[in-house]
Amino acid sequence: MEDEIDLQLKQLALEAQQHPAGSQERQIALTKLIDQIYRHNRLTRPRIDDDNLRHLYEDIYSEARLKIVEHICQNIDIYDSQKPVMPWVNHIFNFRFRDVCDRYTNQIRPRMNQTRIKILSIDKLEGFKLEQEEWEIYQDKASMLQLVEDAEMLRKLIEEDPDNIFRNTTVRGRPDITWQVIALARLDDEKWETISQRFDKNISTLQSFFDRNLRNFSDYIRNKLQ
């Protein structure tokens, strides 16, 4: 039996279907739908069987979550309105999660005696390494600006966040620390030490969070600003 949240999600999905693709009305309905899915933690949390990937669970989960958002936005018309929304979403999410796991397995083959793992870059995003399970990020602002030529367009996209992706991506257990806030701070040349003091969170955690999600968001940002 569907609960109140399930009915709300179905209503938003139906509302999105009723408007043409690319319309502002559809975008608003989709944004609300995704926001409600995040807010009520309706996404499943698949398990990882590979011991070598378990310490990367949140990285993998974040990337898969971005992919399911893109899938919902692009394929809302195939949703069967006779059924609840979340079984459809979570069915696809499980596949996306496994796809990301497979990619990590192929790209990141850690050795137990290594302390440094090189991560394959996405296009021009280079210089990201994992050392003793901590990310070291270099030239944050430059890396973001390599995605697009216009810094003001990038700032506007991050500030407006039309799909609520940047503000809904948060440090685990700290909903007040969003990727949006950190990205804007780095665009303003705010030092990591200052950001760390503001949120009372260690620098390595914040750098890791920013780094992995910058990589996850790269294609999304390019698509939005092309």
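The values are calculated or read from the model by the stated rules, or taken from the named source; none is laboratory data. These numbers were taken from a predicted model, which means no experiment stands behind them. Neighbour counts are summed over all protein chains in view; Cβ atoms, including those assigned to glycine, are modelled from backbone coordinates with ideal geometry. Just the protein is used for accessible areas: all its heavy atoms, side chains included, with ligands, DNA and RNA removed. Shrake-Rupley method; radii C 1.70, N 1.55, O 1.52, S 1.80 Å.
For the reader, a short list of remarks on this structure follows.
- Exactly one residue among 59, 49, 77 is under 18 Å from the mean Cα position of the chain (by Cα) and either outside any helix (DSSP H, G or I) or of a type outside the set (Lys, Arg) (or both), and that residue is 59.
- Residue check, residue 186 more than 23 Å from residue 101 (Cα to Cα), modelled with pLDDT under 85, open to solvent by 30 Å² or more (accessible area, probe 1.4 Å) and in contact with an Asp or Glu (Cβ under 6 Å, 6 or more places away or on another chain): yes
- Look at segment 1-30: where a residue is touching a residue at least 60 places away in the same chain (Cβ under 8 Å) and closer than 18 Å to residue 69 by Cβ and a partner is buried (at least 16 other Cβ atoms within 10 Å of the Cβ) and hydroxyl-bearing (Ser, Thr, Tyr), sitting 6+ places away or on another chain with Cβ atoms under 8 Å, you get 13/79; 17/79.
- In segment 135-159, the residues that are within 16 Å of the chain's Cα centre (by Cα), modelled with pLDDT of 75 or more and not β-branched (Val, Ile, Thr): 157, 159
- Within segment 172-183, tally of residues that are under 20 Å from residue 220 (Cα atoms) and open to solvent by less than 10 Å² (accessible area, probe 1.4 Å): 3
- Entry remark, segment 60-96: residues being in contact (Cβ under 8 Å) with a residue 40 or more places away in the chain and either small (Gly, Ala, Ser) or open to solvent by 50 Å² or more (accessible area, probe 1.4 Å) (or both) number 5 in total.
- Complete set of residues in segment 1-44 that are small (Gly, Ala, Ser) and buried (at least 18 other Cβ atoms within 10 Å of the Cβ): 13, 16, 29
- Residues that are in contact (Cβ under 8 Å) with a residue 40 or more places away in the chain and hydroxyl-bearing (Ser, Thr, Tyr) within segment 184-216 comprise 204, 208, listed in sequence order.
- Only one of the numbered conditions (1) in contact (Cβ under 8 Å) with a residue 12 or more places away in the chain; (2) among the hydroxyl-bearing types (Ser, Thr, Tyr); (3) not in a loop (DSSP other than H, G, I, E, B) is violated by residue 44, and that is (3).
- Subset of segment 189-213 that is acidic (Asp, Glu) and more than 16 Å from residue 155 (Cα to Cα) - its residue that is surrounded by the most Cβ atoms within 10 Å (Cβ to Cβ): 211
- Flag if residue 36 is within 20 Å of residue 90 (Cα to Cα), part of a helix (DSSP H, G or I) and not aliphatic (A, V, I, L, M): yes
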